[in-house]
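Student: Provided herewith is a single structure, encoded as structure tokens, for subsequent inquiry.
The values are calculated or read from the model by the stated rules, or taken from the named source; none is laboratory data. Being a predicted model, the structure only gives us computed values, none of them experimental. Heads up, the Cβs are rebuilt from the backbone with ideal geometry, glycines too, and the neighbour counts pull from every protein chain shown.
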Amino acid sequence: MHIKFCGIKKLIEIKICNFLKINNIGFIFYEKSKRFIVLKNNIFKKNSFGIFVNHNINYILFIIKKFNLKIIQLHGNNKLFFYKKIFRKIKSFFFTYNKFYNFTNIISINSFKLNLFLIENIIKYYGGSGKEIKLYFLNLIKYNFIVSGGISKKNISYFKKKKPYCLDISSGIEYKNKKNYDLMKCIKNLFDKL
């Protein structure tokens, strides 16, 4: 099982993630997000996610190369053919996709050849809510899944018991909307012990 710290913006935050031996980090390339990346390059030693919202394919490909991204996480209103087109262009990358997050679309999810599936709270605007997600239908999904949504030191044991591929944490490692070293260290220690 992996752990991912998402919404990484600054060089010092990457250095902390390297020091703590975090499996994955996430860079948000959505300009309207409060966690929009301000870095010019990437020094993370392991897998970096790129989070995109309704971006065009050329921009995504440019960012993948510039930041040496290994996984991309797609959100937004793009049609299914858009995602299939990306698969054809960069088959060596992993993908997450959360557009069809409800019971009625489980069949659609399972018929689309994803590498990973992101389960998160759906809110009106793009970006995380910080609210704990309820995992009612994991047994229906055929993919390795990533769980995101209000994961913190208080509930990390509950989510780890669900055996996801990865726990995706952002607000749980923040204090006053900024990444906090003590919380990052605490979460990583709990993750390792459980």
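Student: Name the strands (runs of 3 or more DSSP E) wholly inside the range 1-74 in which the number of residues that are under 17 Å from Phe145 (Cα atoms), in contact (Cβ under 8 Å) with a residue 24 or more places away in the chain and charged (D, E, K, R) is 1 or more.
Tutor: Counting at least 1 such residues, we get 2-6.
Student: Continuing with the same structure: Quick one: would you say Phe5 is surrounded by fewer than 21 Cβ atoms within 10 Å (Cβ to Cβ) and either of a type in the set (Phe, Trp, Tyr) or more than 12 Å from the chain's Cα centre (by Cα) (or both)?
Tutor: Here the answer is no, as Phe5 does not meet what is asked.
Student: Right, here's the next one. Mind checking which residues of the range 175-194 are under 15 Å from Lys10 (Cα atoms) and in contact (Cβ under 8 Å) with a residue 24 or more places away in the chain?
Tutor: The answer is Asn177, Lys179, Tyr181, Met184.
Student: Test Tyr143 against the criterion of being at pLDDT below 85 and among the hydroxyl-bearing types (Ser, Thr, Tyr), and give yes or no.
Tutor: Spelling it out, Tyr143 is indeed at pLDDT below 85 and among the hydroxyl-bearing types (Ser, Thr, Tyr).
Student: Do you know which of the residues in the range 145-163 that are farther than 12 Å from Phe191 by Cβ and in contact (Cβ under 8 Å) with a residue 60 or more places away in the chain is surrounded by the fewest Cβ atoms within 10 Å (Cβ to Cβ)?
Tutor: Lys163
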